[in-house]
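As structure tokens, the structure follows; a few thoughts come after it.
The values are calculated or read from the model by the stated rules, or taken from the named source; none is laboratory data. Not measured: the values here are computed from a predicted model. A quick note on method: Cβ atoms are made from the backbone with ideal geometry, for glycine too, and the neighbour counts reach across all protein chains shown. When the accessible area is computed, the model is the full protein with side chains, heavy atoms only, and any ligands, DNA or RNA have been set aside. Shrake-Rupley method; radii C 1.70, N 1.55, O 1.52, S 1.80 Å.
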Amino acid sequence: MAKSLNNNLKKAKAGKNDEFYTELTDIEKELRHYKEHFKGKTVFCNCDDPRISNFFHYFSHKFEDLELKRLITTCYKNQERDLFSEHKSESAIWLEYNGDKNGDRVPNPEEIGIHDLKSDGDFRSPESIGLLTQADIIVTNPPFSLFREYVAQLIEHDKKFLIIGNQNAITYKEIFKLIKENKL
Ligand SMILES: C[S@@+](CC[C@H](N)C(=O)[O-])C[C@H]1O[C@@H](n2cnc3c(N)ncnc32)[C@H](O)[C@@H]1O
């Protein structure tokens, strides 16, 4: 993990800041190692406000290059497009992108499907789990305060994943156990 990224994660953890956003350069530096793993796959970013999330930006702009099948994103506690990331609404939305349609290789708003969620977009909600079951690989930077629970859900559903966490998470007994078992 890049030193600057880990320092930022430490600061975010110290401040119990679940709203720390991942920088595009960090995503690019890490994900370039996994290009072949994404071919034909459905990617789900389940803790990502698509207006802000650089994971959504990365995967939607690299959709054709990575030969993705589908990109799904859930937005936590947001509904109105102008209120993205302000967490004012208990309702939320999910987005899907199935690739470029007009040949400009850029994700245009009319190419992104926006759907309402009945609940608040919590990754543990049945709706979000329903989307999780449709996905092949989960990629995000989840809320630090829910890291153990977040990882447990991925393991329970036997999903492949690439997630960012603070290095201290290695010392959590649940996480260390998964590393020893070669599941993480
Ligand atoms: C550390 S931030 C990272 C945001 C984004 N994934 C990124 O990498 O830039 C964690 C995100 O998870 C969202 N979040 C918090 N609790 C959540 C929950 N229970 N279910 C889904 N998302 C949640 C927060 O609103 C926040 O945007």
**Message:** Over 32 Å between Cα atoms: which of 39/173; 118/177; 35/183; 29/180; 118/180; 77/159 fall into that group?
**Reply:** 39/173; 118/177; 118/180
**Message:** Expected output is a single nm value to one decimal: the length gained when fully extending between residue 182 and residue 170, i.e. 0.36 nm times separation in residues minus the C-alpha distance. What is it?
**Reply:** 3.0 nm
**Request:** Considering the convex hull of the alpha carbon atoms of the stretch 87-137, report its projected area averaged over all viewing directions, in nm², one decimal.
**Result:** 4.6 nm²
**Message:** Can you sort 120, 65, 48 by solvent-accessible area, 1.4 Å probe, largest first?
**Reply:** 65, 120, 48
**Request:** Could you tell me the accessible area of residue 95 in Å² (1.4 Å probe, neighbours in place), rounded to the nearest ten?
**Result:** 10 Å²
**Item:** ³J(HN,Hα) computed for each position of the stretch 51-65 - Karplus, 6.51 cos²θ - 1.76 cosθ + 1.60, integer Hz, glycine/proline x
**Value:** 6, 10, 5, 6, 5, 4, 4, 4, 6, 6, 6, 9, 3, 6, 4
**Asked** Considering every Cα-Cα pair within the stretch 24-144, what fraction, in whole percent, is farther apart than 20 Å?
**Response** 39 percent
**Request:** Would you grab the residues whose amide H sits under 5 Å from the one on residue 112? Only those 5+ places off in sequence or on another chain, please, with H modelled 1.01 Å from N.
**Result:** none
**Asked** From the backbone phi of the stretch 176-184, what are the Karplus-calculated ³J(HN,Hα) couplings (6.51 cos²θ - 1.76 cosθ + 1.60, θ = phi - 60°) in whole Hz, Gly and Pro given as x?
**Response** 4, 4, 5, 5, 4, 7, 6, 9, 9
**Message:** If you count only protein heavy atoms and use a 1.4 Å probe, how large is the accessible surface of residue 70, to the nearest 10 Å²?
**Reply:** 50 Å²
**Message:** Can you tally the net charge around residue 108? Count Lys and Arg as +1, Asp and Glu as -1, for every other residue whose Cβ sits under 11 Å from the Cβ of residue 108.
**Reply:** -2
**Asked** With every protein chain present, what accessible area does residue 51 have (1.4 Å probe, heavy atoms only), rounded to the nearest 10 Å²?
**Response** 140 Å²
**Item:** Summed side-chain charge close to residue 40 - residues other than residue 40 whose Cβ falls under 15 Å, Lys, Arg +1, Asp, Glu -1
**Value:** +2
**Local electrostatic count at residue 132 - Lys and Arg +1, Asp and Glu -1, tallied over other residues with Cβ under 15 Å** = -3
